[in-house]
Amino acid sequence: MIYALTGTIAKLDLPHITIDVSGVSYLVTVPYPLWDALNQGAKATVMIYSYIREDRFDLFGFADKDERSLFAGLLSLTGIGPKIALELCSIQRHLLMTAVEEGDVATLTSIKGIGRKTAEKLLVDLKSLVEKHPEWQRAEKSTGKKPAPMDADAIAALTSLGYDQSTVVEALKKIPASAKTSEERVSAALRAL
């Protein structure tokens, strides 16, 4: 199992990066906050989770071991695959933990692919997971408003209109949190571009 990779970062389309380690480039899928924080061409260390199935071998990267542990815990839940687990890891950890403590369904339903029933079940499952992993609650609290989640469909729609991905991501960061659907996010981003 690969524990971590240290090498030169090349950003690809969100949520992918490559890490060049001594001439070998590894394709790694990362949560949006990490993708945004990494600098093109810089050297960095990324904690790795190897997702191995009969037909696939994917590498997922995280900023720290607690985030990787959270991802692994989410994958252990029924009905949660790597795509949804990665989206959940893209929510600031203290916001996710607050949502679990308060039973906040709205935070989870803001993620594409999670409806109200799934969110309610997920909150129950997450509560028992968090009790087993108190280290997840040590996440630093950031100040400011909750960022709008990065929506792959909104990014694809805007880049298909000719905007480059970095411009699109910056525009999506600035849209109001009230924009819940992909269509609303695209509309709000277009007004900002």
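The values are calculated or read from the model by the stated rules, or taken from the named source; none is laboratory data. Quick caveat, the model's predicted, so the values are computed rather than measured. Don't worry about glycine lacking a Cβ; one is built from the backbone with ideal geometry, like all the others, and counts go over all protein chains shown.
Scanning region 75-113 for residues that are of a type in the set (Lys, Arg) and not in a helix (DSSP H, G or I) yields one hit, LYS112.
Total residues in region 180-193 satisfying the condition of being surrounded by 14 or more Cβ atoms within 10 Å (Cβ to Cβ) and under 18 Å from the mean Cα position of the chain (by Cα): the figure is 3. Scanning region 1-52 for residues that are within 22 Å of LEU88 (Cβ to Cβ) and in contact with a Lys or Arg (Cβ under 6 Å, 6 or more places away or on another chain) gives ILE17, MET47, TYR49.
Restricting attention to region 107-153, the residues that are at pLDDT 80 or above and of a type in the set (A, V, I, L, M, F, W, C) total 9.
Whenever a residue of region 157-178 is outside any loop (DSSP other than H, G, I, E, B), its partners that are basic (Lys, Arg) and crowded, with 16+ Cβ neighbours inside 10 Å, lying with C-beta atoms within less than 7 angstrom and at least six residues away or across chains, give the pairs LEU172/ARG185. Taken over region 52-80, the residue count meeting the criterion of being over 20 Å from VAL130 (Cβ atoms) and surrounded by fewer than 17 Cβ atoms within 10 Å (Cβ to Cβ) is 7.
Among the residues of region 29-70, which ones are assigned to a strand (DSSP E or B), free of Cβ contacts under 8 Å to residues at least 40 places away in the same chain and of a type in the set (Gly, Ala, Ser)?
ALA44
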